[in-house]
Amino acid sequence: MAQMNLDNIDYNNPDHFADLMGFDARFAVFKSPETVRKEARETSQIIHDTYNTLHAIVARHEETIQDRWMKKSGKQRRKILLECWLGMSPVHRPDFEAYRKEKEEQRSQGTKYRESFMWPYINQEDLSKPKNFLLLLHARARHHPSHFAAADDRAIRLGVVTGAILRVFLNGHVMILNGATGPDKYGELITWDDHPDAFEWMHTQKQFGPGDGLIVLEIQERILRFLLDCSRFILHDIPADTLASGIYPVQPEPHVKTGVKAKSFESLVVTATELPYRLPTRIDFGRMELLLEAKVSATRDHIWALREDPDYFGSWMADMKEHRQEVLKDTMGNIHPAFHLGGGTMVKARIIANLVVEAYGELEIFTELCRQAKELHLLYNQCAAQLSPTEDLPGDFLDRLLTFRHYLRQAVRGPLKMLRHNVVASPQIRKFFVREPPANATTSHITVMTRPGIKLTEVEGHLIWLLRTLWEDDHTLFLADMPLVLDELERLLQANPQAAALVSARISEIIGEASIISQCLSQINQYQPWERGFDTAEVGKKQGIQQGFAVWAQPLSYICEGIRDRHFVPIAELGDVSNRRFFYPTERRRTKENVETLRRAEQNLDEFWRAVDKIVDVRCGHLRGTIVRALLSEKRTLRRIPEWVDTCSSGSATGKQNQQQQRHATSGDVKSLYKPLSTLYFNTGQIAGRADDASTTPKDKKKTSGEPAPIETSSLPPPAATIRVDSRALKVFRTLFFDPGVTSSPAVVCWQDFVYAMTSTGLFSAEKLYGSVWQFQRLDTKTPTGIQFHQPHLQGKILFAVARSMGRRLNRSFGWIGTSFVLEENE
């Protein structure tokens, strides 16, 4: 571009302004202020006339419309939709489908799918469902269009950023939509000189640019006209000129009917699908706090289980190995040479390093996110009553919100990076990929590519495209927006068994982790109209936010930089799960041999973590300033199997007492043997004992080799009150808190039975999140609390070892034990 004389620029001349800003004027629409003002005024008048008529009809006939709509079949509903919106898209999120179909150069020449990008939520698939159309009608007919202006602008983001939707360019003007209600004010076009705050409204996006405003008015006019036509069609037996007249009195506002039998759980997919049809809500800080708090609890329990349960540890290590890129064959069909080097010692060391970094990193990140969410929630409660859509957010609150958003965006990089490394190597998908032969056996750099000549089915191609969009984290993800991609991915997995079968349990868990962060980002995206100005507001604060993040992340960086695979080579064999070092047959009847096997696995696990702790302590600055160190220093401790007491050689215990002792070791009862989470950070000087006799001193206790003194029972969770349940739920809880004295043999639990058991207590609601994550929210506490569990992959069966681990988590969180549950007919 030639050097321009800025003094001679006419900023209202489209060609001059395009040259100055560096964009091609051919891809913008230029109109005069008079033309824009005329279009806006005429469209606003149509919107208000249509809205007033629709509002009057719905105020009198909404319950009738609901009843008639619910009685119609899906085919009949589609017929009405197509009668009132000719050519309505048949599929969910037609903009997303259009984006995948149409190449960028095609869109730049004028998209064929403008309607799909303009009205992404107007489609037959979603609106023909019983509830969505009624939600849309209820929201739009009972609330002024200004309530939806920012949300309608946000909904077309994909079309705008991809260039599929061209907007009018008009410099020096702003259009008023937020907070305006009358036809003369709604859509009013004013110049920056007409009002002292007009430029600021435009700059901070409190109001709309003329091009954005015209698009929003076009969207709303079409939707309202569609709803009015649908209402008249459904009420076809009532003369149109009397529908809104005084012949029919205004009725009390009804609840939106669903026509669906109530379930024992909610689904985030359903909630996300319904969201565009509802009145835009304020940000739900309570929900974000609950999601993050439950994730922190789950991460703590994960670290706990890795140290406490040899079976859990062994399964996790084996699963991580199955998802490493070294398992991929190279382009010549050979296995990775690292498996030949020292018996695969380097691969084992890499797995250990990844295990520790992932677990510790998650705890640090989600604990900080949870802390920020709590602070934001408190600030919001203090200022919520004073917030106005036409006013700025309070300074401190805005600063905290922008900081939280930045941390969320940084945090989500972790699971997206895990997808990049794990998806291509996962057992179900690795057949589609190969890797290049490495330069040498010790390098950790691996280049992966699609297997030459491979042909993917439509479902396989769609799934891998969605996953690749996430793990590459590049321009495509920016355009599509991560919450949207995750929404589409989860819908595909739930709707298509073939797609679900291609996703392993580990990948499903990673998707679930990303979705928790995504849900928080989605909540912020919905915080309209203020969210429209967040990018602008962040400009002057970004450097400070980034510096603050760097300071907070310093201890975490010590962990990431200090834990390298080469550091774990000397102890790699201690974590080898292929030689039955961690064989842990808890489902077998207690005998001396079985107890010795269980104790040997626990001792091997303790030995492994002692070695890991020493390396991490040296390499990571003693974990100073980390949440991990605080967790490892807690007095709450690991449950261990007591030593077998031979009744033939000891007169101090009867056979019955011995059985009682062994039963306590597996039932979740507090009367078990305990060890600290980490001997390195637990500063009591001694590490084990019987928790059922806290008054006994170390010298009074008969100990096995290497077992120190008891700890206080106050460090254990308090017992829960008795909970009455039916026989179906009782069977589940007897498995979770298995007691061989009550139940003859351990059992496999169906996931549906577990969800039923949790909700049937009356203490929890259940919600299916994304991936394999389920959230169970406590209902009987003043402060909402929750716990997250992962649904078993595909078969939906909880194996006994997993059920036992879940029981221990419930014990730690709520103090539940086997005897907490009784059949509801009995006291």
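The values are calculated or read from the model by the stated rules, or taken from the named source; none is laboratory data. Not measured: the values here are computed from a predicted model. A quick note on method: Cβ atoms are made from the backbone with ideal geometry, for glycine too, and the neighbour counts reach across all protein chains shown.
Some points to look at:
- Test result for residue 219, modelled with pLDDT of 90 or more, in a loop (DSSP other than H, G, I, E, B) and β-branched (Val, Ile, Thr): no
- Extreme residue, nearest to the chain's Cα centre (by Cα), among residues of segment 25-81 that are of a type outside the set (S, T, N, Q) and not in a helix (DSSP H, G or I): 72
- Just one of the numbered conditions (1) crowded, with 18+ Cβ neighbours inside 10 Å; (2) within 26 Å of residue 60 (Cα to Cα) is not true of residue 252: (1).
- Considering segment 333-389, the residues that are surrounded by fewer than 21 Cβ atoms within 10 Å (Cβ to Cβ) and among the aromatic types (Phe, Trp, Tyr) include one that is nearest to the chain's Cα centre (by Cα), namely 380.
- Residue satisfying all of: in segment 48-81; free of Cβ contacts under 8 Å to residues at least 60 places away in the same chain and of a type in the set (S, T, N, Q); surrounded by the fewest Cβ atoms within 10 Å (Cβ to Cβ) among these: 73
- For the residues 171, 132, the requirement of being touching an Asp or Glu at 6+ places or on another chain (Cβ under 9 Å) and among the polar types (S, T, N, Q) singles out 132.
- Some residue of segment 456-465 being in contact with a helix residue (DSSP H, G or I) (Cβ under 6 Å, 6 or more places away or on another chain) and under 28 Å from residue 292 (Cα atoms): yes
- Flag if residue 557 is loosely packed, with under 15 Cβ neighbours inside 10 Å, closer than 29 Å to residue 313 by Cβ and either in the same structural domain as residue 736 (by TED's automatic domain parsing) or under 33 Å from the mean Cα position of the chain (by Cα) (or both): yes
- Residue within segment 169-188 that is at pLDDT 90 or above, touching a helix residue (DSSP H, G or I) at 6+ places or on another chain (Cβ under 6 Å), closer than 19 Å to residue 528 by Cβ and assigned to a strand (DSSP E or B) present: yes
- Residue 206 vs. criteria of a type outside the set (Phe, Trp, Tyr), touching a Pro at 6+ places or on another chain (Cβ under 9 Å) and either under 25 Å from residue 35 (Cα atoms) or in contact (Cβ under 8 Å) with a residue 40 or more places away in the chain (or both): yes
- Counting only helices (runs of 4 or more DSSP H) wholly contained in segment 413-521, the ones carrying 1 or more residues that are surrounded by 21 or more Cβ atoms within 10 Å (Cβ to Cβ) and within 16 Å of the chain's Cα centre (by Cα) occupy 413-422, 458-472, 482-495.
- Number of positions in segment 26-56 that are in contact with a Leu (Cβ under 9 Å, 6 or more places away or on another chain) and over 24 Å from residue 180 (Cβ atoms): 3
- Top-ranked residue in segment 196-216 [being outside any helix (DSSP H, G or I) and farther than 20 Å from residue 145 by Cβ; ranked as farthest from the chain's Cα centre (by Cα)]: 196
- Residue match in segment 531-541 (condition: out of contact with any helix residue (DSSP H, G or I) (no Cβ under 9 Å at 6 or more places or on another chain) and more than 30 Å from residue 488 (Cα to Cα)): yes
- Evaluation of residue 281 against (1) in the same structural domain as residue 514 (by TED's automatic domain parsing); (2) buried (at least 21 other Cβ atoms within 10 Å of the Cβ); (3) not hydrophobic (A, V, I, L, M, F, W, C) (one fails), failing number: (2)
- Selection from segment 454-490 of residues that are within 27 Å of residue 802 (Cβ to Cβ) and of a type in the set (D, E, K, R): 490
- Residues of segment 243-257 that are under 16 Å from residue 52 (Cβ atoms) and polar (S, T, N, Q): 245 alone.
- Any hit, segment 459-469, residues being touching a His at 6+ places or on another chain (Cβ under 9 Å), assigned by TED's automatic domain parsing to the domain that holds residue 362, over 30 Å from residue 200 (Cβ atoms) and in contact (Cβ under 8 Å) with a residue 40 or more places away in the chain: no
- Set side by side, the residues 187, 182 differ, and just one is surrounded by fewer than 21 Cβ atoms within 10 Å (Cβ to Cβ), among the small types (Gly, Ala, Ser) and over 18 Å from residue 65 (Cα atoms), which is 182.
- Residues of segment 534-547 that are touching a Phe, Trp or Tyr at 6+ places or on another chain (Cβ under 9 Å) and within 12 Å of residue 407 (Cα to Cα): 545 alone.
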